[in-house]
1. Based on what the data block shows, is Leu40 surrounded by 15 or more Cβ atoms within 10 Å (Cβ to Cβ), over 23 Å from Leu150 (Cα atoms) and under 16 Å from the mean Cα position of the chain (by Cα)?
2. Would you be able to say whether some residue in the stretch 119-142 is open to solvent by 70 Å² or more (accessible area, probe 1.4 Å) and farther than 30 Å from Ala19 by Cβ?
3. Residue pairs, Cβ under 7 Å, 6 or more apart or interchain, first in the stretch 91-105 and over 19 Å from Ser73 (Cβ atoms), second outside any strand (DSSP E or B). List them.
4. Let me spell it out: the conditions are (1) at pLDDT below 95; (2) assigned to a helix (DSSP H, G or I), and Ala18 meets all of them except one. Which number is the exception?
5. Within the stretch 83-93, is there a residue that is assigned to a helix (DSSP H, G or I), out of contact with any Gly (no Cβ under 9 Å at 6 or more places or on another chain) and closer than 23 Å to Asp39 by Cα?
6. Name the pairs: first residue in the stretch 12-37 and surrounded by 12 or more Cβ atoms within 10 Å (Cβ to Cβ), second residue polar (S, T, N, Q), Cβ to Cβ under 6 Å, at least 6 apart or on different chains?
Amino acid sequence: MSDQPDCLDTAEERTWDAAVLAFRLLDQRVEHDLQEEVDLPLTYYELLVMLSKDPHGSLRMSELAERTHTRPSRISHAVRKLTEGGWVERRHCEDDRRSWFAVLTDQGRELLRDAGARHVRSMREYVFDVLTPEQQGQLLDISRTLLGRLDPEHAAEHGTRARSGPQEASA
């Protein structure tokens, strides 16, 4: 830790810079691969994956916004584009007519199969084939630790518990 609380020390700065650049480039490469092969932005792919994990293939638009940490207007725009492609349908909520559900269609499931295959190849090429099993475990542990701090409400979904401070992180 730096002697100056408002500055990162050299090791912290190197770690931060490398992590930011690595994940930015990973995001860009995966986005490029999905766009090139199935003409689908990564964000739309992620929404389709979330819908596919629901037993009914549907989620409230507000739930999608919450899960993606995105403004509802951005989700509405994305779902509108997915609807235009025939991959998602919008349906009114029976209980609350102000709410809408995004519902995965059969065409959406078909697209997701193709996009999912490309996504897996990208993840293997850029992440899992490059890291040893030990490094993969470390990446999982680091990611869970950060998620426990950054998203404590949903930390359990990722196999971790919320952590409020450094003393708990090392416990």
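The values are calculated or read from the model by the stated rules, or taken from the named source; none is laboratory data. All figures in this text were calculated on a predicted structure; none of them were measured in a lab. Here Cβ is always computed from backbone atoms with ideal geometry, including for glycine, and neighbour counts include all displayed protein chains. With ligands, DNA and RNA removed, areas are computed over all heavy atoms of the protein, side chains included. Shrake-Rupley method; radii C 1.70, N 1.55, O 1.52, S 1.80 Å.
1. Values: surrounded by 15 or more Cβ atoms within 10 Å (Cβ to Cβ): yes; over 23 Å from Leu150 (Cα atoms): yes; under 16 Å from the mean Cα position of the chain (by Cα): yes.
Yes.
2. no
3. Val103/Gly57; Leu104/Leu48; Leu104/Leu51; Leu104/Ser52; Leu104/Gly57; Thr105/Gly86; Thr105/Trp87
4. The single condition Ala18 does not satisfy is (1).
5. Going through the stretch 83-93, the residues assigned to a helix (DSSP H, G or I) turn out to be 83-84.
Of the ones still in play, those that are also out of contact with any Gly (no Cβ under 9 Å at 6 or more places or on another chain) are 83-84.
If we keep only those that are closer than 23 Å to Asp39 by Cα too, we end up with 83-84.
Yes: one or more hits.
6. Pairs that qualify, where the first residue is surrounded by 12 or more Cβ atoms within 10 Å (Cβ to Cβ) and the partner is polar (S, T, N, Q), are Val30/Ser122; Asp33/Ser122.
Here is a yes/no grid of residues against (1) out of contact with any Ser or Thr (no Cβ under 7 Å at 6 or more places or on another chain); (2) of a type in the set (Lys, Arg):
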residue: Cys93; (1), (2): no, no
residue: Arg98; (1), (2): yes, yes
residue: Phe101; (1), (2): no, no
residue: Asp106; (1), (2): yes, no
residue: Gly116; (1), (2): yes, no
residue: Pro133; (1), (2): yes, no
residue: Asp151; (1), (2): yes, no
